Amino acid sequence: MEQIIAEPKCLKQLFADKTKPKNRSEAEIAGYKDVLKTIHQSAREISLSTNVIKQFHRDMMRYTDRPGGDWKSVNNKIIEQTKESYYETLEESSHSWHSQNHNKEG
């Protein structure tokens with residue numbers, strides 16, 4: 001979870017199912033909570049596979065307005081602008097690596 005912000009009181013309410021997510025941070029927290037609940041309740045029955053990872057991602061994103069359940073379809077970079085106005089790549093995803101290694105069903 002990146003750039004997620006929530007007040008402790010809100011977290012308690014989300015985890016107790018006493019409120020619905022009101023923003024992106026809360027939506028992602030609620031989705032993670034649901035997936036963790038599934039894992040804790042069914043860990044012995046879950047066989048880790050590509051489809052299970054995609055299902056967990058779909059379930060984590062269910063309260064957001066962004067789709068989940070599939071690998072990224074484009075490369076993306078996390079960059080930082082320096083004082084001199086240069087851009088430095090901090091992290092770069094590799095769509096081609098995912099395509100070659102993770103698009104097999106299983």
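The values are calculated or read from the model by the stated rules, or taken from the named source; none is laboratory data. Just so it is clear, the structure is predicted and the values come from calculations on it, not from any experiment. As a convention, Cβ positions derive from the backbone with ideal geometry for all residues, glycine included, and neighbour counts pool all protein chains shown.
Structure above, values below:
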quantity	calculated
Some residue of the stretch 25-32 being out of contact with any strand residue (DSSP E or B) (no Cβ under 9 Å at 6 or more places or on another chain), surrounded by 12 or more Cβ atoms within 10 Å (Cβ to Cβ), aliphatic (A, V, I, L, M) and farther than 20 Å from ALA6 by Cα	no
Filter pass, ARG62 being in contact (Cβ under 8 Å) with a residue 12 or more places away in the chain and in contact with a Gly (Cβ under 9 Å, 6 or more places away or on another chain)	yes
Residues satisfying the stated conditions in the stretch 1-27, i.e. within 18 Å of PRO67 (Cβ to Cβ) and touching a helix residue (DSSP H, G or I) at 6+ places or on another chain (Cβ under 7 Å)	MET1, PRO21
Cβ pairs under 6 Å, 6+ apart, first in the stretch 25-46 and at positive phi and among the basic types (Lys, Arg), second buried (at least 17 other Cβ atoms within 10 Å of the Cβ) and not in a helix (DSSP H, G or I)	none
Residue in the stretch 22-35 that is among the β-branched types (Val, Ile, Thr) and part of a loop (DSSP other than H, G, I, E, B) present	no
Residues (surrounded by 15 or more Cβ atoms within 10 Å (Cβ to Cβ) and part of a loop (DSSP other than H, G, I, E, B)) located in the stretch 1-21	ALA6, PRO21
Top-ranked residue in the stretch 43-90 [being β-branched (Val, Ile, Thr) and modelled with pLDDT under 90; ranked as surrounded by the fewest Cβ atoms within 10 Å (Cβ to Cβ)]	VAL74
